[in-house]
Amino acid sequence: MATAPRRLARFTRTERAVHWVHASAFMILLGSGLCLYLPSLAEMVGRRPLVKAIHIYTAVAWAVALLLVVVAGDRRSLVRTAREIDRFDADDRAWLRRRRAPQGRLNAGQKLNAVITAAFAVLFVVTGFFLWYGERNTRFRLPAALLVHDWLMYVSFILFVGHLFLTLVYPKTRHSLNGMTHGWVEEDWARAHHGKWVEEMSQWHEGEISPTAASRS
Ligand code: HEM
Ligand code: HEM
C-alpha cells in the first residue's frame, strides 16, 4: 500500500496571518487606487469621494491589523523569518546568477521579494500620508509624493502578477499555495525547491542542530 507523502510545516499561523492581511489590504488598495488613477475606471465607477475613503480607511485598517497580528501572534516566528531573509549566503548569490544552488526555506528571489514588499509598504505609507495631509495643509503638499506613489504602484503591480503566476499557475511552484493556506508542504516538493531547508529540518530531527526553521505549526 502506498504511504502518504510526508508533510513539512512551512509557515506558522502568524506568518500566514501577516501574509494574508498584507495581501488583502494590498488588493483593495490596488483596486481602489486604480479607480482613482485610470480615467476610464474612474468614470465607470464614479463616486470618487467614496473610493478615496475606501482607499484611505483600508490603509489605516491594514496598519492596525498588522500591528494586532504582531502583538497577539507568535513574534518569535516573525523574528526568525526576518533573520532568515537577512541571511544572504553564497548559495543565494549563485541562485541569482542563475546557477543551480540549494536553497533555504525561502529562495533568493523570495528573499528579495520579501525585502521589496516591506520597503514598498513603508514608502506607500509615507507618500500616501503626504498625499492625504497635503490636501489639508499646503505646506505638506509634495509633488513628488504622487509621482513616487504611482511608480510604487507600477512596480508592485508587475511583482504581484509574477507572484500570482508562480503561486497559482506555474505547475512546478504552485504547490507552495498549500504552505500559505494550510501551513504545510509535501517533503518531495520541498526537497526539489528548498533542499537546504529540508536538510536543516532533518538534521534538527536527528538532534544535530537547533530548530531555526522548524517547530512551525
Ligand atoms: C498603504 C498606505 C497608502 C496610503 C496611506 C495611500 C493614500 C493615498 C492617497 C491619500 C491618495 C490620493 C487620493 C486622491 O486624492 O485622489 C492615493 C492615491 C492613489 N493610491 Fe494610495 N495609498 C496607500 C497605498 C496604496 C497602494 C498599496 C496602492 C497600489 C498598489 C496605491 C495606489 C494608489 C493610486 C494608483 C492612487 C492614484 C494616484 C493618482 O491619482 O495619480 N496606494 N493613495
Ligand atoms: C491572491 C493573492 C496571493 C496569493 C495566492 C499568494 C500566495 C503566496 C504563497 C503561496 C506564498 C508562499 C510561497 C512559498 O512558500 O514558496 C507567498 C509568499 C509571499 N507573498 Fe504572497 N500571495 C498573494 C498576494 C500577495 C501580495 C499582494 C503580496 C505583497 C504585496 C504578497 C507577498 C508575499 C511575500 C513577500 C511572500 C514571501 C516571499 C515569496 O514567497 O516571494 N503576496 N504568497
- [ ] Show which aspartates and glutamates lie in cross-link reach of Lys111 when reach means a straight Cα distance below 14 angstrom and same-chain residues fewer than eight apart are skipped.
- [x] Glu84, Asp86, Asp89, Asp91, Asp92
TODO: Find, among the trypsin sites (Lys or Arg not before Pro) in the stretch 78-152, those assigned to loop by DSSP (not H, G, I, E, B) with at most 16 other beta-carbon atoms within 10 angstrom.
DONE: Arg87, Arg97, Arg98, Arg99, Arg100, Arg136, Arg141
Task: Angle in degrees between helix 13-37 and the longest Cα principal axis of the chain, rounded to the nearest 10 - done: 30 degrees
Task: Local net charge near Tyr133, Cβ-Cβ under 13 Å (Lys/Arg +1, Asp/Glu -1) - done: +2
Task: Along the chain, longest interval not containing exposed GluC sites (Glu not before Pro), exposed being DSSP loop plus at most 13 other Cβ atoms within 10 Å - done: 1-134
TODO: Lys and Arg at +1, Asp and Glu at -1: add these up for the other residues within a Cβ distance under 14 Å of Leu29 and post the number.
DONE: 0
Task: Of every Cα-Cα pair in the stretch 7-205, the percent that sits beyond 22 Å - done: 56 percent
Open item on the list: Helix-only estimate, please: 222 nm mean residue ellipticity of the chain, summing -39500 (n - 2.57) across DSSP H runs of length 4 or more and dividing by its residues, to the nearest 500.
Closed with: -22500 deg cm²/dmol
TODO: Kindly provide the pair-distance distribution of the stretch 101-162 built from C-alpha pairs, with 10 Å bins from 0 and whole-percent values in order of increasing distance.
DONE: 21, 39, 23, 12, 4, 1
- [ ] Sort out for me the Cα centre separation of the stretch 5-70 from the stretch 95-124, rounded to whole Å.
- [x] 21 Å
- [ ] Note down the Stokes-Einstein diffusion coefficient of the stretch 1-57 in µm²/s, whole number, using a Kirkwood radius over alpha carbon pairs, 4 °C, and 1.567 mPa s.
- [x] 91 µm²/s
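Treat every Asp and Glu Cβ in the stretch 8-164 as -1 and every Lys and Arg Cβ as +1, leave all other atoms uncharged, and give the resulting dipole magnitude about the Cα centre to the nearest 20 debye.
Computed charge dipole of the stretch 8-164: roughly 340 debye.
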Open item on the list: Please compute the length gained on full extension between Asn137 and Ala4, using 0.36 nm multiplied by the number of residues separating them and subtracting their Cα-Cα distance.
Closed with: 41.6 nm
TODO: Taking the chain as the reference, fit the longest principal axis to its C-alpha atoms, fit the long axis of helix 108-134 to the helix C-alpha atoms, and give the angle between the two in degrees, 0 to 90, nearest 10.
DONE: 20 degrees
Task: Selection from Ala25, Val69, Tyr154 lying farthest towards where the dipole of the stretch 7-205 points positive, charges on Cβ - done: Tyr154
- [ ] Return the distance in nm (one decimal) between the two label points of a simple spin-label model at Phe88 and Val169, each offset 7 Å from Cα along Cα→Cβ.
- [x] 2.8 nm
Open item on the list: At 7 Å along Cα-to-Cβ for each site, give me the label-to-label distance between Ala42 and Val71 in nm.
Closed with: 3.7 nm
Task: Neighbour-count ranking [beta-carbon atoms within 10 angstrom, fewest first] of Arg7, Arg48 - done: Arg48, Arg7
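Coordinate-derived values only; no laboratory data. As the structure is a prediction and not an experimental result, all values here were calculated from the model. Virtual Cβ from ideal backbone geometry, glycine too; neighbours counted across all protein chains shown.
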